[in-house]
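I'd like to ask some things about the structure below.
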Amino acid sequence: MQDASDKGAPPLPDAKTAEATPPTVSEARLLSVLDTAADGIIVIDERARILIFNKACEKMFGFRAADVLGENVKMVMPGEYAREHDEYIGSYIRTGVKKIIGIGREVRGRHSDGTVFPLELSVGEAQTPEGRQFIGILRDLRPRKESEQRLAELQSELVHLARVSAIDEMGAAIAHELNQPLTALMLYLQAIRRAHAKGVDIADRIGDVLDKAVGEADRAGHIIQRMRQFVEKRDPERRLCDIEPLIDDAIDLTLLGQHHRIRIERRSTPALPPVMVDSVQVQQIVVNLVRNAIEAATQALEPVIRVETRRDGNSVVLAVQDNGPGIAPEAMAGLFQAFASSKRRGMGLGLAISRTIAQNHGGDLMVDPGGNGRGACFSLALPVAAADSDAE
Ligand SMILES: Nc1ncnc2c1ncn2[C@@H]1O[C@H](COP(=O)(O)OP(=O)(O)OP(=O)(O)O)[C@@H](O)[C@H]1O
Ligand SMILES: [Mg+2]
């Protein structure tokens, strides 16, 4: 700890003197305000020496006020700021050009244990009889950053959970779908086994039967692989994608779990520009929309779903239209909110998550509620990848 008086600075508050001379009423009031403040408050002089370091600062930086008073404020800054700080103050005093004063910005602080952490800093200035002083108000951004990160993680877990739940709900039907190739496979092998047991010459048939068996095993493997890809826990990853095959794949996956007879009218637009997306998440939206459409359309005598794509300005749009009852006006307000479901087994997450995914991609999910004999129509808009958009 250097002696402030050596540097020709104004006298600094001194613990011993403070004890000897009781503070005046206004000083006592100020000290109490400083120590009650939830934000860190540091006051420095023109030579960057710390004059005030309140209780919130002690907690934030792990230094006691008594240890930092009179020291250069650089001691609570990481290297990159510390190097420039004297120059900042010097240049402000010379030129009057404000880089931070009255503006406030996100900076980084250094704890006594050496860890560097984010801070929001706003700086004010005061002319005092003892010279110019700078007042820094500091807010520790760690709790906010941590909760932002936790929120992002929770959101991604929820998105994943909804995919698992969709597959779970389709489970029985998927098991049935899987059973078909496995049964066929068994029948082929049993037939050839029986023929062999009876001493029948199978030489000319065996190749054909084995090919068929391999085909069925392949089909079963493909179904499992597709489900696994869909439910796999993975970090989101955006790539340049052609949207049409993504949609076709998602429709196939949804139909795997269906036993209703539904006509799907698929209309695609040739040469749609690519989109920059996380393909599994976009498929998740399509699965949600098509499942909802199927559930609505099965209320009609002849369920029909139309899935079409088009370009609309700088977006690629996917529209899913069904011929169900449409959406009641009273259901519209909460439609995209979580847990708004009219279904016995529904979690009411499908549309909420789909819209979140769409908006995270810079797009949106909209609805035309239909009604009066017309089914609902959901439109997913995704921005055309930069190189192909009109703006370029
Ligand atoms: N195509 C549609 N036609 C009519 N109503 C619909 C349609 N799509 C969604 N809805 C209504 O919106 C509600 C919310 O849909 P959402 O997909 O968010 O949840 P869910 O399908 O009920 O459950 P989950 O998707 O989580 O299994 C549904 O319960 C249904 O009442
Ligand atoms: Mg749904």
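Among the strands (runs of 3 or more DSSP E) confined wholly to region 251-335, which include 1 or more residues that are of a type in the set (Lys, Arg) and either more than 15 Å from ligand 1 (Cβ to nearest atom) or at pLDDT 95 or above (or both)?
It comes to 263-267, 304-312.
Would you please name the residue that is surrounded by the fewest Cβ atoms within 10 Å (Cβ to Cβ), looking only at residues in region 220-249 that are in contact with a Leu (Cβ under 9 Å, 6 or more places away or on another chain) and at pLDDT 90 or above?
ASP242
Can you tell me which residue is surrounded by the fewest Cβ atoms within 10 Å (Cβ to Cβ) among those in region 348-365 that are away from ligand 2 (no atom under 16 Å from the Cβ) and outside any loop (DSSP other than H, G, I, E, B)?
GLN359
What is the number of the single condition among (1) in contact with a strand residue (DSSP E or B) (Cβ under 6 Å, 6 or more places away or on another chain); (2) modelled with pLDDT of 90 or more that ILE101 does not meet?
(2)
Scan region 175-207 for residues that are in contact (Cβ under 8 Å) with a residue 60 or more places away in the chain and either in contact with a helix residue (DSSP H, G or I) (Cβ under 7 Å, 6 or more places away or on another chain) or surrounded by 13 or more Cβ atoms within 10 Å (Cβ to Cβ) (or both) and jot them down.
Within region 175-207, the first condition is being in contact (Cβ under 8 Å) with a residue 60 or more places away in the chain, and the residues that meet it are 176-177.
GLU177 - this is the single residue of region 175-207 that is in contact (Cβ under 8 Å) with a residue 60 or more places away in the chain and either in contact with a helix residue (DSSP H, G or I) (Cβ under 7 Å, 6 or more places away or on another chain) or surrounded by 13 or more Cβ atoms within 10 Å (Cβ to Cβ) (or both).
To continue, here is another question. Please go through region 127-151 and give me each residue that is among the aliphatic types (A, V, I, L, M) and either under 18 Å from PHE63 (Cβ atoms) or surrounded by 11 or more Cβ atoms within 10 Å (Cβ to Cβ) (or both), ordered by number.
The answer is ILE135, ILE137, LEU138, LEU141.
The values are calculated or read from the model by the stated rules, or taken from the named source; none is laboratory data. Because the structure is a prediction, the values reported are computed rather than measured. For neighbour counting, all protein chains shown are included, and Cβ atoms are generated from backbone atoms with ideal geometry for every residue, glycine included.
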